[in-house]
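This report refers to the structure that appears directly beneath it.
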Amino acid sequence: MTRDDAGEVEERTFAVDLLTRVEGEGAFTLKVAGGEVVDARLKIFEAPRFFEAFLRERSMHEVIDVVARICGICPIAYQMSAARALERALGVEPTAPLLALRRLIYCGEWIESHALHVFMLHAPDFLGYPSAVEMAADHRALVERGLRMKKTGNALIELLGGRAIHPVSPRIGGFSKAPSRRRLRELRDDLARSVDEARETVRWAATLDAPSFDVDYTFVSLSGERGYPLESGETILVSGRAPVALDDWGDASPEMQVPHSTALHARLADGTAFLCGPMARLHHHAERLHPAAAEVMAEVGLERSVTNPYRSIVVRAVELVHAFAEALDLVEAYEEPEAPYVDAAPRAAVGCGATEAPRGLLWHRYELDAEGLVRDARIVPPTSQNQARIEEDLVALAPTLLALPHEEATHRCEQLIRAYDPCISCATHFLDLRIEREGV
Amino acid sequence: MRFLPRAALASLFDALRASGRRVVGPTRRDHAIVHDELESAEDLPIGWTDEQAPGRYRLRRRDDERAFGFVVGPHSWKRELFPPREPLYHATRRPDGKVGFSPIIPEPAPSALLGVRACDLAATQVQGRTFESAEFVEPRYAARRAASLVVAVNCTEPGALCFCASTGTGPRVGAGADLVLTERDDGFLVEAGSDEGAAILDALPTAPASDADVTWVDEAMAAATSAMGRQLDVEGLPGLLFGNLDHPRWAEVAARCLACGNCTNVCPTCFCSTTETPSDLDGQDATQVRLWDSCFTVEHGAMHGASVRPTTRDRYRQWLTHKLGAWVPQFGVSGCVGCGRCVAWCPVGIDLTEEVAAIREGAAAPVALPEPASRQPGVPDDLTPRVARVVDVVRETSDVVTLRLRLDGRVAHRPGQFHQLALPAIGEAPISVSGRADGRDLDDHLDHHFVDHTIRAVGGVTRALCALSPGDELGLRGPYGRPWPLDALRGRPVVVIAGGIGLAPLRETLRELLASPADYPDVRLFYGARTPDDALYLDELRAGTRPGFTLRVTVDHAPPTWRGEIGVVTRLLRGDAVPEGAACLMCGPEVMMRFSIEALRAAGIPDERIWITMERHMKCAAGFCGRCQYGPYFVCKDGPVFRLDEVALLFGRDGF
Amino acid sequence: MASDAPAPGATGRPRLAVYKLASCDGCQLTLLDCEDELLHIADRVHVAHFTEMTSLSDTSEPFDVTLVEGSVTTAEQREHVRHIRASTKLLVTIGACATAGGVQALRNWRDASEMLRVVYARPEYIDALATSTPISDHVKVDFELRGCPIDKRQLLELLTALLTGRKPAIRDESVCMECKRAGNVCVMVARDEPCLGPITHAGCGALCPSYDRGCYGCFGPHEAANARALGTWLREAGAPAAEVKRRLRLFTGWSPAFREESERHDEG
């Protein structure tokens, strides 16, 4: 706490120079003077990697491998959004069993990512530990349960994709190889056990003490023809407004560069910051949850529109139940496809595609030439969409912080950011394209 | 010979299963015909054939329903008998320093290898010489082979890359098969080659074969012999290849070779392997695992952080000279059976027959290679260490210690031999015995024997060995290797030349020489070390002075207080240092030995009276892993002590 | 490497740090993906700095082992990596970014003036070097784990080897060695699928061929990689120069062996 020499205005700064238990490197500053927020920044200083620039001139078949490298936590999300966009450009549609396999591998990623966040990154905030390792000293069973669930998610990805991080089998039109029914069914017991463990996780998460803080969110989520939003969808739902067609999302949600961040900020055309991710999905699609998830949600009394970001851990736990239960259903119903992928001939075309990454809407757009080389690529990841919302949340949080001891207030800010499960590695890799456009 | 109608092929599966066997045979998978467990005759690649060219393999539909209408695919039968990855033993180490080792020996289910071609049967016999009849028997391999029944198939349609007629290994299946099938449109002509084969044949719904049938088989075999897609002139190949180690073709092929190792992996006779020691994080429970290696990997030629075969030229030459040359002195047979797999599955289509033909062009004169080694009948070696205990540790120099180990039972080694010392989760290292002790100062000396090992800390294992303390346990297996030829020295002046740690394997021999002045009246030790502090055993040697013993020590670098010689060890060999009629024992760095040999030859000592120790990385020590190959030899069992004339062909040459 | 095996830190356990530079987080996530071993590792090793896992950061004394993922792409990172080197006994680089520059090294071939325009259009906002380079270009590295991402089994082997004092069983051999041990059918020979396996460092378990596709070289070249021979073969088999160049120039394209050969197929 400082008081300037004149002594009239109290100025307080809450800041963390290196956020921990998030993916990638970021910091924040919240400056309050005379009761007014004068500065709220989520600073992202992760080095940009220029993906959109070097996707140009690559073959369409390489895109899925390349974009996976944007994020080690959610590579499948990138692969699936790219596959979707490229298939829409090329006019091919994977067969139903292949789409089911896509949902299955995507469930694996949600499980892996959510379990990581719930147990290893987020839970220590509620229970008061620096990490899950220290937490395990007192809550061994809890941490082991989380690790077990995470392992089941990874096992699913490894079987379908070859490895948990940057899997190799997803491709345009499907997979390079489809798993055998026998191998897939070996996962049934683990999945069934995990459904129960995920239910337990919801019950446990619902008991965690969250600071009271509510935000009037504009929720944004993909909407597909059926099922909880995941691997496909042609419409983007925006709460309180008209839905946006998939192809129009790039214009509906322009990105801009801000000085303190190597990630672009996205807002709606009128400047409204919005929220995507688990809370937005639940708000729009609660009725599409797997019954196993819906039941436990009702049991703990969770409302579909959660407006307190600190309670996102409960929503992620509900989505864990959904992902395990749906994965189990998909495994039970699996029939080996006749071919692991549908062939796609190159053509000059543009295609947009979006899927629901663990952290929210992930939108891609590709322009291909007649040989199937990429002419232009644009990727809008969830964290850059949520970044403006996070900063506005910090502003909204400020009044409640002034009465708190400095350290606790700072921690509450950090906890708020962490509740979004920001993926900073994802957020930073798209800068060049815009600069290039503006600079050239 | 009997005739089995095509429609009754299923009965063969029934009979094999009735004999309690799983059936492993060809089946179509992933665009190739591979080996896998078969449920029924339907799993066979009925109506399929393979088309092969260098670096190319394609399946194609036949216009008939032949079950064996193809040649050989990417898998060879060595996968069944010598699995790519196989545990050898469990090892445990407890915090109190106690260790334990238990061998892992499979009890394979009886199996029938169905569809074995003549070349592949020959290959199994060739590889069997490595694992079963060359001094040591590998029990895991032996168990699998004993559990296998061979149902062979004669090739009537050789492929484009086949040359078994050249190598004398086909197309007709030779001795060793339990059953032999010859397929034609209406069915199979079947012969039994063993009692068990005959019993199975009896159970099949066959009819007697006619004379015409027998003649048909003979004619089909003759036709196949003349239809080979490739030829290999094998005449005098071992001597030709070793006589042309500097042929320009080696560099030319190396420019195309990917050094990927595909050829050795698909080769049905290649046997090189390496080991790993995966363990838990604490290193308390480990498994020694053997896995396929290749002479094309850097690890295969690695020694002391460098490589004896650093270039692809060296590696390709090692492979071809071994396969077609060194195999003969090693095992009495060529390592190539003419299956063509290395040609087809080379990603860039390097054709061994073409390479050999190119080397024949403008070839220099062949050389003579040693006669095939006369191997003793095999004794089993499961490669599992037994427990030994450290009873004393002597720090010899800054990086050398001598461990005195207590072993159960009698002394088994002879001077110059070595043991494999093992530490759980860390690995094994070959260490020469540097002495024995009666252990009279120890309580339990009557039930044990005591051997010394002098070890220099250079790698992970030796560093860990040097860090052991009295009371610690470790693993030990052996003894291995050829000892020093003490009898051949009797009555002659003996010149012993050693460099650095090379004195350790000579120490016990020196003691024996010095203890028998009547047999060895003139013993001269010339010893070179880096510095006076690095010289081993000086106190012992000086104390052991006796008439007729000359001790001369030289060092590379010395403080002013050093009163001895300075310079390389060959300086000590000048003048009359080497007496006429002397025999010489030598151990030290290769470069030291090279210069010493020049000096000895200049002094009129013939190669037949010079013995050297060759160092190559000995991993299994029993001749199974191929790591320590040195041209026609395995250093682990043909050496490490060699008479110079035996290795003169390669000694001092790079790349071997 | 075992000679430099970490001496136990003040806590009696070796002190481990994990850092990242320009990267996707995947390699450090591999440590958190060791679900069965993680808590046991944390018992044996003091995780002194690892921002993705823990809010604790104990930089009071040097680390015994530091794992670094990511490549050097900014002046700040260049300084950072020197600081990391100075604060650790053993420096282990993990992954294709740290060992070869990563996929972001594709910028290295860009025309310098274009890169300047791209990067410095708003120099007050961002700062990036025109190149992405492996850590070994900047400081001494004690050991490398290859891969995009690294292989979990290799990471565990490395940690176990460090703790037990053995040489890690990380073999420098081709992907083909693993592929053949696995019993795969060669995708290149049996169906003309271009595959970098013959020139690529093993460690993945021959993943791509096991999933019916050619290797894309994410572990970088092995020690004897003859990229020229493979490039020549692919061209002779009908692949256009641009395709051969692209295949070599991906996640480890900046490694000398792949770089040199890809440049041989540069048209114009």
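Listing for the model above:
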{"item": "In the stretch B:414-521, trypsin sites (Lys or Arg not before Pro) in a DSSP loop with at most 10 other beta-carbon atoms within 10 Å", "result": "B:440"}
{"item": "Degrees, to the nearest 10: A:291-300 long Cα axis against longest axis of chain A", "result": "20 degrees"}
{"item": "Peptide C:204-216, shielding by other chains (average Cβ, 10 Å cutoff)", "result": "5"}
{"item": "Value of D in µm² per second that Stokes-Einstein yields for the stretch A:4-116, Kirkwood Rh from Cα pairs, at 20 °C (1.002 mPa s)", "result": "119 µm²/s"}
{"item": "Peptide B:280-288 - average C-beta neighbours from other chains (10 Å radius)", "result": "4"}
{"item": "Environment charge at residue A:124 (Cβ cut-off 10 Å; Lys +1, Arg +1, Asp -1, Glu -1)", "result": "0"}
{"item": "Isotropically averaged projected area of the stretch B:22-82, using the convex hull of Cα atoms (one quarter of hull area), nm²", "result": "4.5 nm²"}
{"item": "Rg/Rg_ref, the stretch B:1-125, where Rg_ref = 2.2 N^0.38 Å and atoms are Cα", "result": "1.41"}
{"item": "Where only C-alpha atoms are counted, convex hull volume of chain A per residue in Å³", "result": "135 Å³"}
{"item": "For residues of C:94-107, the mean tally of beta carbons on other chains within 10 Å", "result": "3"}
{"item": "The stretch B:74-136 shape via C-alpha gyration tensor axes, a/c threshold 1.5", "result": "prolate"}
{"item": "The stretch B:237-360 - Rg and Dmax from Cα coordinates, angstrom", "result": "16.2, 56"}
{"item": "5 Å binning of all Cα-Cα separations within the stretch C:175-264, expressed as whole percents from 0 upward", "result": "3, 16, 29, 26, 19, 7, 1"}
{"item": "Relative contact order %, chain B, counting alpha carbon pairs below 8 Å whose residues are six or more apart", "result": "13 percent"}
{"item": "Computed E for residue A:371/residue A:247 - FRET, C-beta separation, R0 25 angstrom, nearest 0.05", "result": "0.60"}
{"item": "Orientation-averaged projected area, Cα convex hull of the protein assembly as shown (nm²)", "result": "58.9 nm²"}
{"item": "Kirkwood hydrodynamic radius of the stretch B:317-367, from inverse mean 1/r over distinct Cα pairs, in Å", "result": "12.0 Å"}
{"item": "Theoretical gain in end-to-end length, residue B:598 to residue B:410 [0.36 nm per residue, Cα-Cα removed]", "result": "63.6 nm"}
{"item": "Mean ellipticity per residue at 222 nm, deg cm²/dmol - from DSSP H runs of n ≥ 4 across chain A, formula -39500 (n - 2.57)", "result": "-14000 deg cm²/dmol"}
{"item": "Options B:407, A:104, A:290, ranked by Cα towards positive dipole end of the protein assembly as shown, top entry (Cβ charges)", "result": "B:407"}
{"item": "Burial ordering of A:279, B:586, fewest other beta-carbon atoms within 10 Å first", "result": "B:586, A:279"}
{"item": "Viscosity 0.890 mPa s, 25 °C: Kirkwood-radius Stokes-Einstein D of the stretch B:385-480 over Cα pairs, µm²/s", "result": "187 µm²/s"}
{"item": "The stretch B:575-656: GluC sites (Glu not before Pro) in DSSP loop, at most 11 other beta carbons within 10 Å", "result": "B:580"}
{"item": "Spin-label pair residue B:211/residue B:653, simplified geometry with 7 Å Cα→Cβ offset, distance in nm", "result": "5.6 nm"}
{"item": "Alpha carbon convex hull of the stretch A:38-175, volume per residue in cubic angstrom", "result": "153 Å³"}
{"item": "Equivalent ellipsoid dimensions for chain C as semi-axes, Å, which come from the Cα gyration tensor, largest first", "result": "33, 25, 14"}
{"item": "Over the stretch B:157-297: Rg over Rh, Cα atoms, Kirkwood Rh", "result": "1.13"}
{"item": "Percentage relative contact order, chain A, counting C-alpha pairs under 8 Å, at least six apart", "result": "26 percent"}
{"item": "Relative contact order (%) - criterion: Cα under 8 Å, at least six apart; region: the stretch B:385-480", "result": "40 percent"}
{"item": "Flagged links, alpha-carbon separation over 23 Å, of C:20/C:89; A:31/C:20; A:177/B:78; B:619/C:140", "result": "A:31/C:20; A:177/B:78; B:619/C:140"}
{"item": "Over chain B: Kirkwood hydrodynamic radius from C-alpha pairwise inverse distances, Å", "result": "27.2 Å"}
{"item": "At 1.567 mPa s and 4 °C, Stokes diffusion of the stretch B:1-51 via Kirkwood alpha-carbon radius, µm² per second", "result": "108 µm²/s"}
{"item": "Crossing angle, helix A:312-333 versus chain A [Cα axis fit, 0-90 degrees, rounded to tens]", "result": "10 degrees"}
{"item": "Neighbour-count ranking [beta-carbon atoms within 10 angstrom, fewest first] of B:116, C:92", "result": "C:92, B:116"}
{"item": "Whichever aspartates and glutamates have a C-alpha closer than 14 Å to that of residue A:151, once near sequence neighbours (fewer than 8 apart) are set aside", "result": "A:109, A:112, A:189, A:190, A:197, C:33, C:35, C:36, C:37"}
{"item": "Net charge of Cβ neighbours under 14 Å - reference residue A:22; Lys, Arg +1; Asp, Glu -1", "result": "-4"}
{"item": "Two-site label geometry, residue B:102 and residue C:266: point separation in nm, points 7 Å out along Cα→Cβ", "result": "6.1 nm"}
{"item": "Fully extended contour minus Cα-Cα distance, from residue A:235 to residue A:295, at 0.36 nm per residue", "result": "18.9 nm"}
{"item": "Pairwise Cα inverse-distance average, inverted: Kirkwood Rh of the stretch B:51-196 (Å)", "result": "17.6 Å"}
{"item": "Burial ordering of A:341, A:78, fewest other beta-carbon atoms within 10 Å first", "result": "A:341, A:78"}
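No lab work stands behind these numbers, since they all come straight from the coordinates. Note that this is a predicted model, so its numbers are computed, not measured. No Cβ is skipped: glycine too gets one built from the backbone with ideal geometry, and neighbour counts run over all protein chains shown.
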